[in-house]
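Undergrad: After the structure tokens below, expect a handful of questions from me.
The values are calculated or read from the model by the stated rules, or taken from the named source; none is laboratory data. Nothing here was measured: the structure is a model prediction, and the numbers come from that model. FYI the Cβ positions are ideal-geometry reconstructions off the backbone, even for glycines, and counts take in every protein chain you see. Accessible surface is based on the protein model in full, side chains and every heavy atom, while ligands, DNA and RNA are left aside. Shrake-Rupley method; radii C 1.70, N 1.55, O 1.52, S 1.80 Å.
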Amino acid sequence: MTKSTMVNAHTGDIPRQNPCAQCGTPIPQPDWIEPGEGRVSYLWNCRACNYRFEAVAIYDKAAVEHPPLAA
């Protein structure tokens, strides 16, 4: 994975070792991250069984209404 495939993601925020939805093998990191309004989508690709799937993180309404200010 290259930095060009990561869209506005901070290294500390990226989920790691997500289990494959089909075979359960841990996947080191997502292939693609796409932020959206109140959500972030992650594209995972299992190298063990070649299964690809998307996981979506949905933020609480309060986090969307009051995003943190830049430092």
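Undergrad: Restricting to the stretch 14-38, name every residue that is closer than 15 Å to residue 58 by Cα and in contact with a helix residue (DSSP H, G or I) (Cβ under 9 Å, 6 or more places away or on another chain).
TA: Those that are closer than 15 Å to residue 58 by Cα and in contact with a helix residue (DSSP H, G or I) (Cβ under 9 Å, 6 or more places away or on another chain): 33, 37, 38.
Undergrad: Restricted to the stretch 7-20, and to residues that are among the polar types (S, T, N, Q) and open to solvent by 50 Å² or more (accessible area, probe 1.4 Å), which residue is modelled with the lowest pLDDT?
TA: 8
Undergrad: In the stretch 33-71, which residues are at pLDDT below 95, open to solvent by 50 Å² or more (accessible area, probe 1.4 Å), hydrophobic (A, V, I, L, M, F, W, C) and touching a Ser or Thr at 6+ places or on another chain (Cβ under 8 Å)?
TA: Across the stretch 33-71, the qualifying residue is only 56.
Undergrad: Within the stretch 21-32, can you find the residues that are surrounded by 14 or more Cβ atoms within 10 Å (Cβ to Cβ) and in contact with a strand residue (DSSP E or B) (Cβ under 6 Å, 6 or more places away or on another chain)?
TA: Hits for the stretch 21-32 are 21, 27, 30, 32.
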